[in-house]
Amino acid sequence: MITTKGNFKTASDAFDYFYVKIKNKGLEFGDTKALFNVGFYIHNPLDKNIKARYRKFNKEYAEAEWQWYLSEDPSVDKLGEIYGKVPPIWDNMADSDRKCRSNYGWQWSRNHQLDHVVAMLRQVKDTRQAAISIYDGKEISTYAKDTPCTYAVQFTVLNNKLEMSVVMRSNDLWFGFCNDQYCFASLQQLVAERVNLNVGSYYHFAHNFHLYNNKLK
């Protein structure tokens, strides 16, 4: 097991660092090279663009995915309405009803999780219960085509700023991290605005942080 810790100003800084780290130090794991139990801080999470020229980050798509989550509609056709087309990766993960379990907005709307988080933070600033769960082993029978990569998101108020931690079972640096950090940072901003706080740091943890072999240059 390899444990890597760090502090980064932006998500783009983290991407640059871990691309090299995974390429050079990652373990062969299936069709990937991977690091295990990786955790790091992003101290300016609202700077969400990945600037590496070789990555060609599509901010328009990342924003469309965020708007899809905000709709709380798990249908991939809703994403198609927003973005103009359904990306093949989502098309392939959709079930027979054209729905995906990995629409995180649909997940945090279940049992009003996000609303409860906001209410708790407003009532008790030092709460340890402001958390949203996503992956659920008790629902594994529903994950035949789409298994959520994120376990949970938790919010904490420190120094009058809203801190956020994201815990993932598996995270692909190239696509997953780039788009996920954009959406989770947007979620952090949304919650901060609802509880009238400034945005603090974003802590990102992935048990398996990897690059698919076809993205290694």
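The values are calculated or read from the model by the stated rules, or taken from the named source; none is laboratory data. Keep in mind the model is a prediction, meaning the values are calculated, not measured. Positions of Cβ are generated from backbone atoms using ideal geometry, with glycine treated the same way; all protein chains shown enter the neighbour counts. Ligands, DNA and RNA are stripped out before the accessible areas are found, and what is left, the full protein with its side chains, is counted by its heavy atoms. Shrake-Rupley method; radii C 1.70, N 1.55, O 1.52, S 1.80 Å.
Think of each Lys and Arg Cβ as +1 and each Asp and Glu Cβ as -1; about the Cα centre, that makes the dipole of the chain roughly 760 debye. Using 0.36 nm per residue and subtracting the Cα-Cα separation, the extra length available between Glu72 and Lys138 on full extension is 21.6 nm. Across the chain, the mean sequence separation of Cα contacts (distance under 8 Å, 6 or more residues apart), normalised by length, yields a relative contact order of 26 percent.
Sequence-distant contacts, meaning Cα pairs under 8 Å at least 6 residues apart, place the relative contact order of segment 134-217 at 32 percent.
As an exercise, find the ratio Rg/Rh for segment 70-140 from alpha-carbon atoms, using the Kirkwood inverse-distance average for Rh.
Rounded to two decimals, Rg over Rh is 1.09.
Close amide H pairs (under 5 Å, H built 1.01 Å from N) link Gly200 with Leu162, Glu163, residues at least 5 positions away or on another chain. Normalised by the number of residues in segment 1-89, the average gap of Cα pairs under 8 Å and 6 or more apart makes the relative contact order 29 percent. The phi torsions of segment 197-212, fed into the Karplus equation with coefficients 6.51, -1.76 and 1.60 and a -60° offset, translate into couplings of 10, 7, 7, x, 7, 10, 9, 10, 10, 10, 4, 10, 10, 9, 10, 5 Hz, rounded to whole numbers, with Gly and Pro shown as x. Protein-only accessible surface at a 1.4 angstrom probe places the residues Lys21, Lys145, Lys138 in the order Lys138, Lys145, Lys21, largest first.
For the chain, the residue among Leu162, Ala14, Pro87 whose Cα projects farthest onto the positive side of the dipole built from Cβ charges is Ala14.
Projecting the Cα atoms of His112, Ala52, Ala64 onto the charge dipole of the chain, computed from C-beta unit charges around the Cα centre, puts Ala52 farthest toward the positive end. With all protein chains kept in place, the per residue accessible area of segment 1-158 amounts to 55 square angstrom at a probe of 1.4 angstrom. Under 5 Å between amide hydrogens, built in the peptide plane, is the criterion, and for Asp136 it picks out nothing among residues at least 5 positions away or on other chains. Label positions at His43 and Gln123, each projected 7 Å from the Cα along the C-beta direction, are separated by 3.5 nm. So what's the gap between the Cα centers of segment 199-217 and segment 29-105, to the nearest angstrom? Answer, in whole Å: 13.
Can you pull the percent of Cα pairs in segment 1-116 with separation above 21 Å?
Working: 3756 of 6670 pairs.
Of all Cα-Cα distances in segment 1-116, 56 percent exceed 21 Å.
Normalised Debye scattering of the chain at q = 0.07, 0.10, 0.11, 0.17 Å⁻¹ gives log10 I(q)/I(0) of -0.21, -0.43, -0.53, -1.32, counting only Cα atoms as equal scatterers and leaving out solvent. Computed about the Cα centre, the dipole magnitude for segment 161-217 is approximately 120 debye when only Lys and Arg (+1) and Asp and Glu (-1) carry charge, each at its Cβ. Computed packing ranks the peptides 40-47, 112-119 as 40-47, 112-119, most packed first, by mean other Cβ atoms within 10 Å.
For the chain, the 222 nm mean residue ellipticity estimated from helices alone, with every DSSP H stretch of n ≥ 4 adding -39500 (n - 2.57) and the total spread over all residues, rounds to -10500 deg cm²/dmol. The charge dipole of segment 101-216, taken about its Cα centre with unit charges on the Cβ atoms of Lys, Arg (+1), Asp and Glu (-1) only, comes to about 100 debye.
Among residues other than Phe155 whose Cβ falls under 15 Å from its Cβ, what is the net charge (Lys/Arg +1, Asp/Glu -1)? Show your work: numbers first, answer last.
Values: positive: Arg122, Lys125, Arg128, Lys161, Arg194; negative: Asp115, Asp126, Glu163, Glu193.
Within the 15 Å Cβ shell, the charges total +1.
Each DSSP beta bridge with both residues in segment 82-217 is either parallel or antiparallel, and the antiparallel ones are about 55%.
Cross-link check: pairs Lys138/Lys161; Lys48/Lys85; Lys9/Lys56; Lys25/Lys85 evaluated at a Cα-Cα cut-off of 25 Å; pairs beyond the cut-off: Lys138/Lys161; Lys25/Lys85.
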